[in-house]
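Participant: First the structure, which I've put down as structure tokens, then a few questions once you've had a look.
Derivation of every value follows stated rules applied to the coordinates shown; laboratory data play no part. These numbers come from a predicted model, not from an experiment. Every residue, glycine among them, receives a Cβ derived from its backbone with ideal geometry; neighbour counts consider all protein chains shown.
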Amino acid sequence: MNQEPKSNSLPISIIEEYCTICGICIDSCPVGAIKEENEKILIDETLCTLCGVCVSICEEGAIVIEKEERVAFKLEDYKGVWVFSEQRRGKVEPVAYELLGKGRELADKLDCNLTAALLGHNIAEEAEKLIQKGADNVILADEPELANYRPEPYANVLKELVLECKPEIILAGSTTIGRSLFGRLAVGLSTGLTADCTGLDIDKEDKKLIQTRPAFGGNIMATIITPNTRPQMATVRHKVMKELPFDKSRRGEIIRKNFSKEILNTKSKFIEFVEDLSQRVKLTDADIIVSGGRGLGSPENFKIIQSLADVLHGAVGASRPVVDEGWIPFSHQVGQTGKTVSPQLYIAIGISGSVQHLAGMQSSEVIVAINKDSNAPVFNVCDYGIVGDLFEVVPLLTKKLKAVIK
Ligand SMILES: Cc1cc2nc3c(=O)[nH]c(=O)nc-3n(C[C@H](O)[C@H](O)[C@H](O)COP(=O)(O)OP(=O)(O)OC[C@H]3O[C@@H](n4cnc5c(N)ncnc54)[C@H](O)[C@@H]3O)c2cc1C
């Protein structure tokens, strides 16, 4: 009996001898990629994402995903720290500069080069800035196909570069692009990835990357290492690391790389960039944030928060329950599952100060808390605390500030 899976360009196959055509895989497929035709189960390669749901649900073991053989490699062959320098519409994102600040520290501890990997089109000017912000050199992939982010060509290009240059560590922003790209890259390279790190360091003994991030709902800080594979890859949110000042005297090499059409090829098409204009001031870039929590009692009361934010020329933030209740859009949420912010002034109003909320705002320069419960945990982290009813305190504060701020 032939038990070999039928050949297929995706590494997923049906072993016909085992398949009873029960149809359970058809129902389980989240992307509708499986169908029955002429008493055979067929997988539509254009839809299949290799998620593996059908493999685990098939009781006959008739569906297999062949795992790529790992290429044998030595850990010591991998050298250097890379920062994926995400760009949008031709401009490097601030998170990349912040990662260069941390990357510089890690590279100095490892006594190796810090490289910025920049993918885009007509972006050589940005490459110079990356050197002035701490990189020793820049690997520049300048192709029309890379002008705007698309998962396949970006992941293919980065994978190719990693296989050629063998960096030991790669850092990327925990942005929508970073999250999409680095999950894909980690699978492609069969290596680990720690998302949303809040701390990165080098182990003094064995020189491995120590990756710290909140775990179990933010109640503990986990230390994660990647002992057996390379590169060691981590993503970090905007505003968690500090960028270095521009140093115009820094010089470095810009290494241009070209790629074949197969590598740049993609099924997806860039249509249009639509900017989120739902916020008057972008939360992560704001110097002043006024945040409201469940203590507000109802969505209408957010106007109290908005008025104070307007007077201070700041942005409006929120705790998670009020976002979950639909009082304000998710783009305003601060915390572990929302945005990480680090403004000069953060005012928490009617917010108790849970660990998950603090995880997103604790590094603010000055924290002011307004809460009627003097035992609220937020008072343990704030610089200035006002114990009182927000409906009395905030309008009064807004009125007083309006009189002095133009
Ligand atoms: C995995 C996970 C992820 C999470 N991620 C996030 C996150 O990203 N961001 C986040 O915020 N939360 C997050 N949470 C939820 C978090 O645990 C808390 O439930 C939440 O932060 C509480 O929000 P709050 O402070 O607005 O509400 P509460 O904890 O209900 O606090 C309301 C506060 O308002 C005060 N108050 C009430 N009335 C008044 C008044 N009239 N005047 C003054 N003060 C008043 C009360 O004394 C109280 O301290 C997460 C939870 C989990 C499990």
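Participant: Which one, I289, V240, I304, is farthest towards the positive end of the dipole of segment 184-335 when Lys and Arg carry +1 and Asp and Glu -1 on their Cβ?
Facilitator: Farthest towards the positive pole: V240.
Participant: Taking a spot 7 Å from the Cα of I21 along the direction of its beta carbon, which residues of segment 41-63 have an amide N less than 12 Å from it?
Facilitator: It comes to 41-42, nothing else.
Participant: Further, regarding this structure: With θ set to phi - 60° and the Karplus curve 6.51 cos²θ - 1.76 cosθ + 1.60, what are the ³J(HN,Hα) couplings of segment 151-156 in order, to the nearest whole Hz, using x for Gly and Pro?
Facilitator: 3J(HN,Hα) across segment 151-156, in whole Hz: x, 5, x, 4, 5, 5.
Participant: Quick one: which residues, 5+ away or cross-chain, put their amide H under 5 Å from the amide H of G385? H built at 1.01 Å from N.
Facilitator: A369
Participant: If you don't mind, another one. Can you compute the FRET efficiency between K372 and D203 using 1/(1 + (r/R0)^6), with r the Cβ-Cβ distance and R0 = 51 Å? Round to the nearest 0.05.
Facilitator: For K372 and D203, the calculated efficiency is 0.65.
Participant: Let me ask something additional. Give the list, by residue number, of cysteines in the chain with no other Cys Cβ closer than 4.7 Å, or say none.
Facilitator: When partners are defined as cysteine Cβ atoms under 4.7 Å apart, the chain leaves C19, C22, C29, C48, C51, C58, C112, C165, C197, C382 without one.
Participant: Can you give me the C-alpha center-to-center distance between segment 141-167 and segment 179-241, rounded to a whole angstrom?
Facilitator: 21
Participant: Each residue of segment 304-313 in turn: what ³J(HN,Hα) in whole Hz from Karplus with 6.51, -1.76, 1.60 and θ = phi - 60°, glycine and Pro shown as x?
Facilitator: With the stated coefficients, segment 304-313 comes to 5, 5, 4, 4, 5, 4, 4, 4, 8, 6 Hz.
Participant: Separate question: Once fully extended, how much extra length lies between S28 and E60, figured as 0.36 nm per residue of separation less the alpha-carbon to alpha-carbon distance?
Facilitator: Taking 0.36 nm per residue and subtracting the Cα distance, the gain is 10.0 nm.
Participant: Sticking with this one: Could you list which residues have their amide H under 5 Å from that of V366, counting only those 5 or more apart in sequence or on another chain, with H placed in the peptide plane?
Facilitator: Result for V366 returns L345, Y346.
Participant: Here's a follow-up. How far is it, in nm, from the label point at L401 to the one at K67 when both lie 7 Å from their Cα along the line to the Cβ?
Facilitator: 5.5
Participant: Oh, and also: Give me the net charge for the shell around S342: Cβ to Cβ below 11 angstrom, other residues only, Lys and Arg +1, Asp and Glu -1. Working shown, then result.
Facilitator: On the way: positive: R237, K239, K242, K339; negative: E98, D285, D287, E365.
The answer is 0.
Participant: Can you tell me the length gained on complete extension of the stretch S331 to E152, counting 0.36 nm per residue apart and subtracting the Cα distance?
Facilitator: The S331-E152 span can extend by a further 61.7 nm.
Participant: Sticking with this one: Restrict the search to segment 304-401; then list the trypsin sites (Lys or Arg not before Pro) that DSSP places in a loop and that have at most 15 other Cβ atoms within 10 Å of their Cβ.
Facilitator: K372
Participant: Round to the nearest 10 and give me the degree value, 0 to 90, for the angle of helix 94-110's Cα axis relative to the longest principal axis of the chain.
Facilitator: Roughly 70 degrees, rounded to the nearest 10.
Participant: Between N38 and D111, what length comes free when the chain is fully extended (0.36 nm per residue of separation minus the Cα-Cα distance, one decimal in nm)?
Facilitator: 20.0 nm
Participant: Of the peptides 354-360, 41-47, 96-102, how do they stack up when ordered by the mean number of other Cβ atoms within 10 Å, highest first? Walk me through the numbers on the way to the answer.
Facilitator: Values: 354-360: 21.4, 41-47: 13.7, 96-102: 25.7.
Packing order, densest peptide first, comes out as 96-102, 354-360, 41-47.
Participant: Let me ask something else. Any idea what the dipole of segment 84-232 comes to, in debye rounded to 20, about its Cα centre with Lys/Arg Cβ at +1 and Asp/Glu Cβ at -1? Kindly include the intermediate steps, with their values, before the conclusion.
Facilitator: Values: 18 positive and 22 negative charges, 82 e Å.
The calculated dipole for segment 84-232 is roughly 400 debye.
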